[in-house]
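Bear in mind these aren't lab numbers, they're just calculated from the coordinates by the rules spelled out. Note that the coordinates shown come from a computational prediction; the quantities given were computed from them, not determined experimentally. All Cβ positions, glycine included, derive from the backbone under ideal geometry; neighbour counts span all protein chains shown.
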Amino acid sequence: MNTTPKKFNPNIKVVSQNPQRLASGHRLCPGCGISVILKQAMTTIDAPIITANSTGCSEICFGAYPYTAFKTPWIHSLFENSAAVISGVESAHKALLRKGKLSEKQKKIKFLAIGGDGATYDIGFQWLSGALERGHDFVYICFDNEGYMNTGFQRSSSTPVGFHTHTSPVGSQKKGKPQHRKNLTNILAAHDIPYVAQANPANFADLMKKAHRAFEVEGPAFINCFSVCPTNWKSDPQKGMVISQMASDANFWPLYEVDHGKWKINYKPRHTEGKLEEFLGSQGRTRHLLKPENEALLQTLKDRIDHDWNYLEKMEESFPMS
């Protein structure tokens, strides 16, 4: 089992020599984070990749019949079962490998499943959990834009407390979603799989290092990626990476990894004071949290952010990477 990371250089001039798995044309909204994340992740290796794509924004925009933006084998799965589909493909590959029916190049194939937070946190959670428990050798990347964007901007279990969606609206009776978000990254770390990470495309070097490591390990790996959605967040499409960086600067979206049970926080902001307010003020879905009458709700969000950050610090202290 490979538990020692190889050195990886995320220099753009270097990794740009690897095969580009996505064509330049797609139907994603201007400023969407999905294509940025996927290009960063898939460029980190030169091995062949087979991808299973859950129904959602990425599938609709990358693969509207009869076209696809993928230059590699690509499977459109149902909303819920991309992890199960890629598990079947990976199992078939192992069977052919045992029978000696693969060429040297085919032996090096990597397997990738992708989906949004709706397909990952909610609808497809049991399929993903099962695939991880069985130990299939694949990488799962989640595009977390904190709601069901493809079907009309409904709340998901990834939507944070107080955030507006069309099914958790802001009005006189309610002020956005009343529940805290599910911490899926930590839940999947508890599956005791080889590699789990949380990444942000605004920090491309960190994301690419994590993607390379995820493809490198033997067994299942999961990366949860912060994915800006200007259309439903009501944010400036030109400031997607700026807003994404704000999220990590405020500890709202911490960058960390769990490699064979060892924890590491990859980015520790020096100053977080006022950063959350800056992040919330950049989007129409969250500006209401900055109003004086919602001070208590904003404090509830801050308390949860502090709670989650303290948990990460304790895990890093207890199970540090060497």
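Which value in deg cm²/dmol, rounded to the nearest 500, describes the helix-derived mean residue ellipticity at 222 nm for the chain, given -39,500 (n - 2.57) per DSSP H run of n ≥ 4 and division by the residue count?
-10000 deg cm²/dmol
Of the peptides 240-249, 138-147, the ranking by mean beta-carbon count within 10 Å, highest at the top, reads 138-147, 240-249.
Within the shell of other residues whose beta carbon sits under 13 angstrom from the beta carbon of LEU132, the net charge comes to -3, with Lys and Arg scored +1 and Asp and Glu -1. Taking amide hydrogens as placed 1.01 Å from N in the peptide plane, the amide H of ALA52 sits under 5 Å from those of ILE75, LEU112, ALA113, ILE114, each at least 5 positions away in sequence or on another chain.
Note on LYS107 and HIS191: with the Förster distance fixed at 35 Å, the Cβ-Cβ geometry gives a FRET efficiency of about 0.80.
Which of the trypsin sites (Lys or Arg not before Pro) across segment 231-322 are loop residues per DSSP, with 12 or fewer other Cβ within 10 Å?
Counting only loop positions with at most 12 other Cβ atoms within 10 Å, the trypsin sites (Lys or Arg not before Pro) in segment 231-322 are ARG270.
Placing unit charges on the Cβ atoms only, positive for Lys and Arg and negative for Asp and Glu, gives segment 214-314 a dipole magnitude near 220 debye about its Cα centre.
Once the Cα-Cα distance is subtracted from the 0.36 nm per residue extended length, the LYS239 to SER16 segment shows a gain of 77.9 nm. Taking label positions 7 Å along the Cα-Cβ direction at both GLU277 and GLN126, the computed distance is 4.6 nm, reported to one decimal. Of the chymotrypsin sites (Phe, Trp or Tyr not before Pro) in segment 1-86, the ones in a loop by DSSP (not H, G, I, E or B) with at most 16 other beta carbons within 10 Å are TYR67. Among THR51, THR167, the order by Cβ neighbours within 10 angstrom, fewest to most, reads THR167, THR51. Among beta bridges identified by DSSP and lying wholly in segment 1-139, the antiparallel ones come to about 10 percent.
In the neighborhood of LYS94, defined by Cβ-to-Cβ distances under 15 Å, what is the net charge if each Lys or Arg adds +1 and each Asp or Glu adds -1?
Combined, the nearby Lys, Arg, Asp and Glu give +4.
Expressed to the nearest 5 percent, the antiparallel share of DSSP beta bridges inside segment 18-318 is 35 percent. Taking a straight line from the alpha carbon of LYS94, these lysines sit under 29 Å away, with near neighbours fewer than eight places off in the same chain left out: LYS6, LYS7, LYS39, LYS71, LYS105, LYS107, LYS108, LYS110, LYS209, LYS210, LYS262. Taken about its Cα centre, the chain carries a charge dipole of roughly 860 debye when the Cβ of each Lys and Arg holds +1 and the Cβ of each Asp and Glu holds -1. Toward the positive end of the charge dipole of the chain, with +1 on the Cβ of Lys and Arg and -1 on the Cβ of Asp and Glu, the farthest Cα among GLN238, ASN9, GLY56 is that of ASN9.
Residues of segment 27-47 falling in the label zone of ASN9, defined by backbone nitrogen less than 16 Å from a point 7 Å along Cα to beta-carbon, are 44-46. With a Förster radius of 35 Å applied to the C-beta separation of ALA296 and LYS71, the computed FRET efficiency comes to 0.10. Under the combined filter of DSSP loop state and at most 16 neighbouring Cβ atoms within 10 Å, segment 1-89 retains these trypsin sites (Lys or Arg not before Pro): LYS6, LYS7, ARG27, LYS71. A simple rule links phi to the HN-Hα coupling: the Karplus curve 6.51 cos²θ - 1.76 cosθ + 1.60 with θ = phi - 60°, which for segment 136-145 gives 4, 8, 7, 10, 10, 10, 9, 8, 8, 10 Hz, with x for Gly and Pro.
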